[in-house]
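Taking it in order: structure first as structure tokens, then the write-up.
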Amino acid sequence: MNISQTFSIPTWIAGLTLAGLSIALPALTSAPAPAAVSAKSKAVLAVETLVPTRQEWPVAIKVNGAVAAWQEAKIGAEIGSLRIKQILVDVGSRVKRGQDLAVLADDTVLAELHKQQASVDKSRANLAKAQADAARAREIQDSGALSSQKIDEYVIAEQTARADLALAQAELENQRIRLSQTHIVAPDDGVISARGAGLGDVVAAGTELFRLVRQGRVEWRAEVNAQQLAQIRVGQAVELSLPDGGSVIGNVRMTAPTVNDTTRNALVYVDIPNAGAKPGMYLQGSIVVGAQTALVVPQTALVLRDGRDYLFEIAKPSGSADQTARSVIQRSVVTGRRLGDWVEIREGISGDASLIAGGGAFLKDGDIVNVTPKI
């Protein structure tokens, strides 16, 4: 093997390698440059804009409290050792002042009444006899037929008989009162809230038989701390949230004159309608203590993402830019109070910002939008 044959193969391979490089290099050097980004991107959405407004909104204190009866009357038996003969009302019954709630058996009371009536009749007869004796004694007083002592006895007997009659009549009136007490009556208009009476029960004097919510009035007793108490005044409006999702409106009637030395809270008494609010409920309410200017936007302008609230602001155009195709800036905002369809914005935008009124959920920061002119 000669020298030329020995190096022929490597020379060939090297030639192919050089040829490959010569083919690849033009390919690398001839790759076109990336296309330039269009200076004018296509708008993704047509939007309407709005400017935040300033409104006078109420300032409220949110507190909790229990609903209770305005005044609850305890109705008991005034006469004892009598059986309940009739029960005429039940829990929830609306009653009028003087209406019968229950009736006690009155047999023994009637017997005592008749007995005392007879005693009155007897006392009246004794008085008539004493008056006649005294009259005759006075007629013959000057004749000397009776001594002065005897005449005085007739006169004193007349006075005693008159007193006995008065005492018997008073006792008769007492028996009539006892008879009237066999009827357990409502002391005021209202609603029966509890019943302890059972048919056939023998009650003692003072036994509680019913409870009555006077006039059907209920109130909310809010628990407030000393700082909140200083802001509350009689007559301020209060809104209570009910378990069914509704609400009732009331007014502050009075505030407690003292603070509880254990809880350090005071009670605020609020008159409320009894529709929907029942004694015993524990409710949250808002006491309106003043008013404050708020920067607000419609609820539709807000976008909720990752647990945060955002608004989309229209970027200000440059002098030569299209006035309708504009980019948007996503602004993180801090919201506050809500009233109807309006939301207070506390931080994140200025009062003159141009904001997207709706459809922000389809946008992201930097998108181009077409601003629809307002008609």
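The values are calculated or read from the model by the stated rules, or taken from the named source; none is laboratory data. Since this is a predicted model, take the numbers as computed values, not measurements. We place every Cβ from the backbone using ideal geometry, glycine too, and count neighbours over all the protein chains shown. For the accessible areas, the whole protein counts, side chains as well, though only heavy atoms, and no ligand, DNA or RNA atoms are used. Shrake-Rupley method; radii C 1.70, N 1.55, O 1.52, S 1.80 Å.
Summary table
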{"item": "Residue count, the stretch 164-201 (criterion: part of a helix (DSSP H, G or I) and out of contact with any Ser or Thr (no Cβ under 9 Å at 6 or more places or on another chain))", "result": "9"}
{"item": "Qualifying residue in the stretch 141-154 (condition: out of contact with any helix residue (DSSP H, G or I) (no Cβ under 7 Å at 6 or more places or on another chain), part of a helix (DSSP H, G or I) and closer than 30 Å to Lys85 by Cα)", "result": "no"}
{"item": "Positions within the stretch 94-108 being touching a strand residue (DSSP E or B) at 6+ places or on another chain (Cβ under 6 Å), open to solvent by 30 Å² or more (accessible area, probe 1.4 Å) and not in a strand (DSSP E or B), in sequence order", "result": "Gly98"}
{"item": "Meets criteria (at pLDDT below 95 and farther than 30 Å from Val238 by Cβ) for Lys62", "result": "no"}
{"item": "Complete set of residues in the stretch 248-261 that are part of a loop (DSSP other than H, G, I, E, B) and touching a strand residue (DSSP E or B) at 6+ places or on another chain (Cβ under 8 Å)", "result": "Ala256, Thr258, Val259, Asn260"}
{"item": "Residues (open to solvent by less than 30 Å² (accessible area, probe 1.4 Å) and in contact with a Ser or Thr (Cβ under 9 Å, 6 or more places away or on another chain)) located in the stretch 328-346", "result": "Val343, Glu344, Ile345"}
{"item": "Residues of the stretch 225-247 classified as out of contact with any Leu (no Cβ under 9 Å at 6 or more places or on another chain), surrounded by fewer than 15 Cβ atoms within 10 Å (Cβ to Cβ) and outside any helix (DSSP H, G or I), total", "result": "9"}
{"item": "Meets criteria (of a type in the set (Gly, Ala, Ser) and either open to solvent by 70 Å² or more (accessible area, probe 1.4 Å) or touching a residue at least 24 places away in the same chain (Cβ under 8 Å) (or both)) for Gly216", "result": "yes"}
{"item": "Filtered residue count, the stretch 177-200, keeping only those that are hydroxyl-bearing (Ser, Thr, Tyr), touching a residue at least 40 places away in the same chain (Cβ under 8 Å) and out of contact with any strand residue (DSSP E or B) (no Cβ under 8 Å at 6 or more places or on another chain)", "result": "0"}
{"item": "Residues satisfying the stated conditions in the stretch 347-364, i.e. open to solvent by 60 Å² or more (accessible area, probe 1.4 Å) and in contact (Cβ under 8 Å) with a residue 40 or more places away in the chain", "result": "Asp352, Ala361, Phe362"}
{"item": "Residue that is nearest to Leu45 (Cα to Cα) [pool: residues in the stretch 365-375 that are open to solvent by 30 Å² or more (accessible area, probe 1.4 Å) and not β-branched (Val, Ile, Thr)]", "result": "Asn370"}
{"item": "Those residues of the stretch 113-129 which are in contact (Cβ under 8 Å) with a residue 40 or more places away in the chain and polar (S, T, N, Q), in sequence order", "result": "Gln116, Gln117, Ser119, Ser123"}
{"item": "Residue within the stretch 161-176 that is under 30 Å from Asp90 (Cβ atoms), out of contact with any Leu (no Cβ under 6 Å at 6 or more places or on another chain) and in contact (Cβ under 8 Å) with a residue 12 or more places away in the chain present", "result": "yes"}
{"item": "Qualifying position, being within 60 Å of the chain's Cα centre (by Cα) and open to solvent by less than 80 Å² (accessible area, probe 1.4 Å), among Ala128, Ala163, Ala157, Ala168", "result": "Ala168"}
